[in-house]
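This report refers to the structure that appears directly beneath it.
Nothing in this text is a laboratory measurement; each read-out follows from the coordinates by a stated rule. Only a predicted model underlies this, so the values are computations on that prediction, with no experimental measurement involved. When we count neighbours, we look across all protein chains shown, and the Cβ atoms used for this are built from the backbone with ideal geometry, even at glycine.
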Amino acid sequence: MTARARAPVVQLRQLRRLTLDDLAGARLPAAFFAEDSVTVARTLIGCVLVHRDRAGVVVETEAYLGPADLASHARFGPTARTSVMFGPGGVSYVYLCYGVHQMFNIVTGGEGEGQAVLIRAIAPYLGLPDDSAVGRGPGKVTQALALDRRHDRRDLARGDLFVAAPVAAPRIARGPRIGVAYAGAWADRPLRFWWRDHPAVSRTPPRRR
DNA sequence: GCGGGGATTAACT
DNA sequence: GTTAATCCCCGCG
């Protein structure tokens, strides 16, 4: 094993450093989330997810396309849990996975479309330990930002849970979504996006040569 | 109601 | 690589 030494390190000074007040002033409007989930998933990388006095830079996302997407909770149509996905974009969807972990999603697109984006990893930005592990993985994102199902169905255009404009313009990679093997051909579609070489990304596939 | 299973994680062998 | 933890959603009867 030779070239394993090159540990990718993202320099903090690559990021614009903003205060909580700055972030509040840079809040993304509802229109940002009215785009399709693939566009939102890609453009969210480098944006800042803020909850109260904690914030992380989004480094990994997944797009879920709607009822036809067999990996999506929307595949059963609107239910008591998922009806929020069929509302307008810009609203949170938080659910419990494996009885243990909370998953934070943002509904995208328009009324009735059933699209959403899962936030799979964040890098510490404000109010968090300077350790890439704290937001590495979807269950860790909610843990780091103290989010749970009480934060389901929040309007991100108002209140203390929101997304702020990008603080970086990283190189972005894409590949198949994680943990959706049950979804047949949908499992292979490249609907996962991540900040290339960022240490907070939950899993890094072998680099092509 | 019942039963199967999950957009995960950490701690095993 | 394998497995337990642990809850509740969803389809079906």
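Across the options A:Gly114, A:Gly127, A:Thr19, the greatest Cα extent toward the positive end of the charge dipole of segment A:14-195 (unit charges at beta carbon of Lys, Arg, Asp, Glu) belongs to A:Gly127. Each 10 Å bin from 0 upward holds the following percent of the Cα-Cα pairs of segment A:68-109: 28, 59, 13. The value given for segment A:114-209 is a Kirkwood hydrodynamic radius of 15.2 Å, derived from the mean inverse Cα-Cα separation. Legend: ranking of residues A:Tyr95, A:Tyr182, A:Tyr125, A:Tyr64 from fewest to most surrounding C-beta atoms inside 10 Å; resulting order A:Tyr182, A:Tyr95, A:Tyr125, A:Tyr64.
The Kirkwood hydrodynamic radius of segment A:14-195, based on inverse pair distances between different Cα atoms, is 16.0 Å.
Exposure proxy shown here: for A:Ser202, A:Ser37, A:Ser92, the number of other Cβ atoms within 10 Å sets the order, fewest to most, as A:Ser202, A:Ser92, A:Ser37. Site pair A:Asp22 and A:Asp160 shows an inter-label distance of 2.2 nm when each label is modelled 7 Å from Cα along Cα→Cβ.
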